[in-house]
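Just below is one structure, and these are the notes that go with it.
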Amino acid sequence: MQINATEVVTEKDWITQLKDIVIDYAPKIVAALVILIVGLFVINMIVRLAKRIMKKRGIDATLQKFLGNLLSWTLKILLFVVVASKLGVETTSFAAVIGAAGLAIGLALQGSLSNFAGGVLIMIFKPYKIGDLIEAQGVLGVVKEIQIFTTHLNTPTNKLAILPNGAVSNGNIVNYSAEGKLRVDHVIGVSYDADIKQTKDVLMDVLTSHPKVLKDPAPTVNVSELADSSVNFAVRPWANVADYWDVYFDVLENTKIALDKAGIEIPYPHAVEIQKKE
């Protein structure tokens, strides 16, 4: 069997070219591997350092985890571009693709990004925390969970309300738990025939005898209005946030009982009552 000289020469040329490619690219591949290994090590150190700093500054644990992952992936993408550049890959195309993808994602997730930014602001400035009674976006409830994009409230009727953080952070927030105490406001109307001092003493006794009404700040009872058919008293006890509704309802009930016992009339629309009888 005869061997074609052209085939031998071609095979030798191919082997030579392969050796040349290996010789040319070996340093680049080694350098790229070194950059990759060292880069991953440095990225892990940076992320751990960033998490320690966030923890020391008291940033929320959920936010720490999210920002740590965001920082890690951002640095890894940059490292990938550097490694590709070291291998001789044209990185301008990568930059264009990343830029276009970022723009497309930003436009598609505009609302979500707004909610994310709002969640970050809430976790940093802490206008409320889990367990606080707040009112936001027209919803009253206890904060059950604070996520990156949404805040979950448990309403007084035991419904779950999910509010977008973007709207919450840009709107009005009333935190009823921030100061630890709440004033309970009642308006109690009595007849013009009633003695003002006696009425005030009866109402104050209702407040001071309730175990959940705070002594500091002290409860107050004052004449607030001389209405058409009644003298109205502003009855204002203070309570801890957790005791608000107990104090609210108990004071109303006990007030009616105490006024009846003292013979003090609570006016009601007699004209309407006569019409009903007719």
Exercise. Where residues in the stretch 117-130 are under 16 Å from Gly68 (Cα atoms) and among the aliphatic types (A, V, I, L, M), which of them is surrounded by the fewest Cβ atoms within 10 Å (Cβ to Cβ)?
Worked result: Ile124
Problem set entry | Hits in the stretch 168-184 (condition: more than 20 Å from Tyr244 (Cβ to Cβ) and surrounded by 18 or more Cβ atoms within 10 Å (Cβ to Cβ)) | Val168, Ser169
Problem set entry | Conditions (1) in contact with a Ser or Thr (Cβ under 9 Å, 6 or more places away or on another chain); (2) farther than 19 Å from Ile264 by Cβ: number failed by Asn175 | (1)
Problem set entry | Checking Ala218 against (1) surrounded by fewer than 13 Cβ atoms within 10 Å (Cβ to Cβ); (2) small (Gly, Ala, Ser); (3) farther than 26 Å from Gly263 by Cβ, the condition it does not meet | (1)
Problem set entry | Filter result for the condition that a residue is touching a residue at least 60 places away in the same chain (Cβ under 8 Å) and crowded, with 16+ Cβ neighbours inside 10 Å, over Leu153, Leu133, Leu163 | Leu133
For this session: Could you grab me the full set of residues in the stretch 42-74 that are at pLDDT 75 or above, touching a helix residue (DSSP H, G or I) at 6+ places or on another chain (Cβ under 6 Å) and under 20 Å from Leu113 (Cα atoms)?
Result: Gly68, Leu71, Ser72
Problem set entry | Close pairs from the stretch 195-210: first more than 13 Å from Ala234 (Cα to Cα), partner among the charged types (D, E, K, R) and surrounded by fewer than 16 Cβ atoms within 10 Å (Cβ to Cβ), Cβ under 9 Å, at least 6 apart | Val202/Lys261; Thr208/Lys215
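Output the residues belonging to the stretch 117-147 that are among the aromatic types (Phe, Trp, Tyr) and assigned to a helix (DSSP H, G or I).
Within the stretch 117-147, Phe125 is the sole residue that qualifies.
The values are calculated or read from the model by the stated rules, or taken from the named source; none is laboratory data. Everything quoted here is computed from the prediction, not taken from an experiment. Note that each Cβ is placed from the backbone with ideal geometry, even for glycine, and that neighbours are counted across all protein chains shown.
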